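First up is the structure itself, then whatever we jot down about it.
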Amino acid sequence: MIRKILIANRGEIALRIVRACRELGIQTLAVYSEADEQSLHVQLADEAICIGPASGAESYLRADRILSAAEIADVDAIHPGYGFLSENEEFAEQCASCNINFIGPKAETIGKMGDKAMARETVSKAGVPIIPGSDGPIENEKDAIKVAQKIGFPVIIKAVAGGGGRGMRIAHNAVSFAKEFQSARLEATKAFGNGALYVEKYLENPRHIEFQVLADKHGNVIHLGERDCSVQRRHQKVIEEAPSPFLDKNLRTRMGKAAIKATNAADYVNAGTIEFLVDSKGNFYFIEMNTRIQVEHAVTEEVTGIDLIKEQINIASGNRLSISQKEITFDKHAIECRICAENPSNGFAPSPGTIGLYYAPGGHGVRVDSHVYGGYTVSPYYDSMIAKLVTYGRTRKIALDRMYRALSEYIIRGIDTNIEFLKAIVLDPGFRQGEATTSYVEEFLARAPKDVFKKSQ
């Protein structure tokens, strides 16, 4: 049994893990940077150890310091959350070599599914549809253009080690291909230390739909339905919901079976996400697997009633899944808005600073996952997301109406936020009718009045 967990992360996900562990009677160790000394997860964990300066590169990305903290505090498991080292194959290997239970998949699985080209090959052999593209990494621009011309423009150039939209470029014709190829390689090398690229067909205006999967060490694999993550800005998710307003029962069943096939093909254990692009005709294609808990896991929890963090810990402890596929029901609708410290009226520029008045919304069907409070200083060193606002109800309309009400109640003074931007989307007829594709946000911004997002915070 796991008795103490080191949380190798920060912010709302670290606090989320602390709370799950407390309900399970498991001790927690928070590790933190100098910038996060006053963070809630540090204050609420049973123990806390500082692992370095504010920069993530000198703290949350330092596996050696995290493992030293684990040894000092005598922990027997590490939960990586999402981001930072959560999908780092070497870190998972180091945990295993130190006899520390890494709460996630095996290191070799992380490596296999983290390599986008290898992931495509793995699931394709299992019969999961993939987007037409190169068979693996492409060594040079000359070979890449041949692949692009074979599959037909437009194409998307992707970093093999990519994520978060970095190392990704779209080429609409052969003339622009060379420039986009070099830009993607340069960005991939800078962001990931790996400039390898592959090319695949670019789908115009698809939906981004992902399936949550759980797999234990006894061969049991289930899916917990889908999340529609089509509302994105520059490949970064803005709003997520479950279930998708686009999928019917038949398509959901077919995609769920494909997600389980992909999970089995990866020899996967723990919580993961199979991500698909779906075109207007309902054709779906695998794009990647996230080998960790997702930011948007809360919408799945509210729709299914299953605590995904507890399931992760349960699986890592060697237990069987606590539920079977036939026990999974989807009797509610849930929507998540990412509340960020940024200014939509100024190109979504980050807005670090000290929060003055802070009031989080509440009431029936409202959940707020956040690590901030009045007097908390939002650091410039990390991602700008400061909260996840989730609303849920029997129907999508109830969840949407509740979301607008909750956003209208949210008070954050002292910094800029994207709350007004989110309110405008939630009221937009296209979004309310369930018509959003991955190009929705750009189209919405192009037609929205320039001052619609302005409000003194």
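With N set to the number of residues, divide the alpha-carbon radius of gyration of segment 302-407 by 2.2 N^0.38 Å and report two decimals.
1.34
Between ARG19 and HIS364, take the C-beta separation as r, use R0 = 22 Å, and let me know the FRET efficiency to the nearest 0.05.
Working: r = 20 Å, r/R0 = 0.93.
Working from the Cβ atoms, E equals 0.60.
Could you give the radius of gyration (one decimal) and Dmax (whole number) of the Cα atoms in the chain, in Å?
21.4, 60
Could I have the simple spin-label model distance between ASN173 and ASN194, label points 7 Å from Cα toward Cβ, reported in nm to one decimal?
Here the modelled spin labels are 3.4 nm apart.
Quick one: work out Rg over Rh on the C-alpha atoms of segment 171-307, Rh as Kirkwood radius.
Values: Rg = 16.6 Å, Rh = 16.5 Å.
Ratio of gyration radius to Kirkwood radius for segment 171-307: 1.01.
Would you mind working out the accessible area per residue for the chain, using a 1.4 Å probe, and quoting it in Å²?
41
Roughly how many nanometres apart are two label points built 7 Å out from the Cα toward the Cβ at GLU443 and ILE411?
According to this spin-label approximation, the distance is 3.8 nm.
Suppose R0 equals 45 Å. What FRET efficiency, 1/(1 + (r/R0)^6) with r the Cβ-Cβ distance, do GLN236 and LYS326 give to the nearest 0.05?
Details: r = 36 Å, r/R0 = 0.79.
E between GLN236 and LYS326, to the nearest 0.05, is 0.80.
Using alpha-carbon pairs under 8 Å, 6+ residues apart, how would you state the relative contact order of the chain in percent?
14
Please count, across segment 213-340, the pairs of lysine residues with Cα atoms under 27 Å apart that sit 8 or more places apart or on different chains.
Total qualifying Lys-Lys pairs in segment 213-340 comes to 26.
Once you sort the root eigenvalues of the Cα gyration tensor of segment 342-457 as a ≥ b ≥ c, which label holds: rounded (a/c under 1.5), prolate (a/b larger than b/c) or oblate (the other case)? Before the final figure, lay out each step's value.
Values: a/c = 2.03, a/b = 1.21, b/c = 1.67.
It is oblate, given that a/c is not under 1.5 and a/b is not larger than b/c.
Please list, short to long, the whole-number percent of alpha-carbon pairs of segment 1-122 in consecutive 5 angstrom bins beginning at zero.
Final binned percentages: 2, 12, 23, 24, 19, 11, 6, 3, 1, 0.
Heavy atoms only, probe 1.4 angstrom, no DNA, RNA or ligands counted: give me ARG405, ARG233 ranked by accessible area, highest first.
ARG405, ARG233
Can you tell me the Rg and the Dmax, both Å, for the Cα atoms in segment 143-182?
Answer for segment 143-182, Rg first and Dmax second: 9.9, 27 Å.
Please give the Cα centre distance for segment 110-176 versus segment 409-447, rounded to the nearest Å.
Result: 31 Å between the Cα centres.
What's the extension gain from SER68 to LYS249 if we count 0.36 nm per residue and subtract their Cα-Cα distance?
Length gained between SER68 and LYS249: 60.2 nm.
Could you give the nm distance between label points at LYS125 and GLN43, where each point is 7 Å from its Cα heading toward the beta carbon?
About 5.1 nm, to one decimal.
On a full-extension model of 0.36 nm per residue, what is the gain between MET1 and LYS454, subtracting their alpha-carbon distance, rounded to one decimal in nm?
157.9 nm
Exposed loop sites here are GluC sites (Glu not before Pro) in DSSP loop states with at most 16 other C-beta atoms within 10 Å. What is the longest stretch of the chain lacking them?
205-434
Please find the FRET efficiency linking LYS150 to ASP279, where r is the Cβ-Cβ separation and R0 is fixed at 22 Å, and quote it to the nearest 0.05.
Computed FRET efficiency for LYS150 and ASP279: 0.65.
Hey, what does the equivalent ellipsoid look like for segment 207-246, semi-axes from the Cα gyration tensor as sqrt of 5 times each eigenvalue, largest first, whole Å? Write out the running numbers ahead of the final one.
On the way: eigenvalues 129, 25, 8 Å².
That gives 25, 11, 6 Å for the three semi-axes.
Evaluate the relative contact order of segment 75-199 (contact order divided by residue number), counting alpha-carbon pairs under 8 angstrom at least 6 apart; express in whole percent.
Relative contact order of segment 75-199: 20 percent.
At 0.36 nm per residue, and after removing the present C-alpha to C-alpha distance, how many nm does the segment from ASN220 to SER97 gain when stretched out fully?
41.7 nm
The values are calculated or read from the model by the stated rules, or taken from the named source; none is laboratory data. Predicted model only: the values in this text are computed from it and were never measured. No Cβ is skipped: glycine too gets one built from the backbone with ideal geometry, and neighbour counts run over all protein chains shown. Heads up: the accessible areas ignore ligands, DNA and RNA and are worked out on the full protein's heavy atoms, side chains in. Shrake-Rupley method; radii C 1.70, N 1.55, O 1.52, S 1.80 Å.
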